[in-house]
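Shown next, in structure tokens, is the structure this report addresses.
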Amino acid sequence: MAAVREPVLEAVDLCYTYPDGTVALENLSLIIPAGAKVALLGANGAGKTTLFLLLAGLARPAAGEIRFRGAAVGRNRRELLALRRSVGLVFQDPEAQIFAPTVWEEVAFGPVNQGLRGETLEERVKAALAATALWELRDKAPHFLSYGQKKRLCLAAVLALAPAVMLLDEPTAGLDVEQTHRVLGILEELHRAGRTLVLATHDVDMAYTWADTVYIFGRGQVLGGGAPEVVFADAALIRRAGLRLPVVLSFYQALRERGLVAGGKVPRDLAALVALLPPVAAGVGEGRGGW
Ligand SMILES: Nc1ncnc2c1ncn2[C@@H]1O[C@H](COP(=O)(O)OP(=O)(O)O)[C@@H](O)[C@H]1O
Ligand SMILES: [Mg+2]
């Protein structure tokens with residue numbers, strides 16, 4: 001079990017309706033523990049992006065409250081700006097975020113706005129570019145970057161702001177295997193460094209393996225939340241959210257039903273599942289490649 005951690009960000013009964021009358025969030029509450037890897041999981045249109053806009057101080061809730069480190073965030077501009085400094089949002093669409101003429105300037109923009117200059121600024125930008133493997137591309141025009149590089153640039157630009165919490169909207173959507181691996185590697189480093197990460201996705205396999213806390217979204221509400229193996233044990237809930245069980249979990253359950261693996265810790269990734277399989281009888285399967 002993970003240690004009990006202080007909540008860093010909380011949504012309490014949040015409601016939000018778009019000007020055209022679409023109800024996007026309805027009395028939505030959740031807790032983001034400090035240092036956690038939280039996945040918001042839900043079908044398209046469930047309200048994940050809308051919640052991010054509110055949590056990052058880019059839109060005001062119609063009702064309800066956001067709390068940062070236990071204190072309610074007021075509705076005035078000053079408090080929203082303070083929230084924006086503490087909570088960084090990496091947009092799903094890089095084109096919506098990128099605007100500077102070079103990679104370096106894109107990443108430097110936020111820190112310059114925060115008042116950083118000289119060596120402190122250089123160091124901050126350098127660190128963000130190094131963490132996202134973009135240092136070599138620092139003088140390039142973002143326009144000419146690949147989609148995967150653009151996604152990493154957006155991550156770097158938010159990272160350079162040194163926010164307490166990073167909200168990542170579908171950070172691996174549309175990426176190939178290698179680019180996905182890179183982004184997940186960067187997130188792992190950030191997690192190890194103590195950063196709080198919240199990731200919105202509709203990828204159940206990724207959420208199940210990556211997160212230590214999962215919230216299931218459905219039609220602007222949180223339908224369930226907790227440790228991944230607990231949340232996904234409720235198959236009816238997952239179905240209600242328009243999602244499916246993770247492949248690793250489905251396969252584990254099928255093996256258990258057939259008595260092919262013993263009970264115990266539910267595997268969260270393929271390696272853990274394979275480790276549960278009984279050893280192959282001597283002489284059988286020898287010389288085959290690994291997984
Ligand atoms: N700018 C907008 N104007 C009107 N409705 C919107 C707008 N953006 C999102 N919505 C609606 O709000 C709901 C939640 O959307 P969104 O937060 O984008 O969900 P998700 O990120 O989970 O896919 C959906 O019904 C969507 O159609
Ligand atoms: Mg979205």
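The values are calculated or read from the model by the stated rules, or taken from the named source; none is laboratory data. The structure presented is a predicted model; accordingly, all values stated were derived computationally and were not measured. Note: ideal-geometry Cβ built from the backbone for every residue, glycine included; neighbour counts use all protein chains shown.
Just a few scattered comments:
- You will find that of I98, I66, I32, the residue that is assigned by TED's automatic domain parsing to the domain that holds L161 and either in contact with a His (Cβ under 7 Å, 6 or more places away or on another chain) or touching a residue at least 60 places away in the same chain (Cβ under 8 Å) (or both) is I32 and no other.
- Sole exception among (1) within 16 Å of ligand 1 (Cβ to nearest atom); (2) among the aliphatic types (A, V, I, L, M); (3) over 16 Å from A56 (Cα atoms) for L190, by number: (1)
- With respect to (1) polar (S, T, N, Q); (2) away from ligand 1 (no atom under 11 Å from the Cβ); (3) more than 18 Å from A160 (Cα to Cα); (4) in contact with a Phe, Trp or Tyr (Cβ under 9 Å, 6 or more places away or on another chain), the lone exception for S29 is condition (4).
- Checked against the criterion of being touching a strand residue (DSSP E or B) at 6+ places or on another chain (Cβ under 7 Å), closer than 30 Å to T50 by Cα, of a type in the set (A, V, I, L, M) and surrounded by fewer than 18 Cβ atoms within 10 Å (Cβ to Cβ), the range 239-247 has no qualifying residue.
- Residue ID - surrounded by the most Cβ atoms within 10 Å (Cβ to Cβ), chosen from residues in the range 129-170 that are assigned to a strand (DSSP E or B) and either within 16 Å of ligand 1 (Cβ to nearest atom) or of a type in the set (V, I, T) (or both): L167
- Residues of the range 64-82 satisfying the condition of being among the hydrophobic types (A, V, I, L, M, F, W, C) and either surrounded by fewer than 17 Cβ atoms within 10 Å (Cβ to Cβ) or at pLDDT below 95 (or both): A71, A72, L80, L81, A82
- Checklist (1) within 22 Å of T50 (Cβ to Cβ); (2) modelled with pLDDT of 95 or more applied to E106, failing item: (1)
- Residue that is part of a loop (DSSP other than H, G, I, E, B), modelled with pLDDT of 95 or more and away from ligand 1 (no atom under 13 Å from the Cβ), where the choices are G35, G45, G21: G35
- A262 vs. criteria over 30 Å from A108 (Cβ atoms), in the same structural domain as F109 (by TED's automatic domain parsing), more than 16 Å from ligand 1 (Cβ to nearest atom) and part of a loop (DSSP other than H, G, I, E, B): no
- Search result, residues across the range 182-227 that are outside any helix (DSSP H, G or I), touching a helix residue (DSSP H, G or I) at 6+ places or on another chain (Cβ under 7 Å) and farther than 25 Å from S146 by Cα: A211, V214, I216, F217, G218, L223, G224, G225
- Remark: T120 falls outside the filter, which requires a residue to be closer than 24 Å to L187 by Cα, within 18 Å of the chain's Cα centre (by Cα) and either assigned to a helix (DSSP H, G or I) or within 16 Å of ligand 2 (Cβ to nearest atom) (or both).
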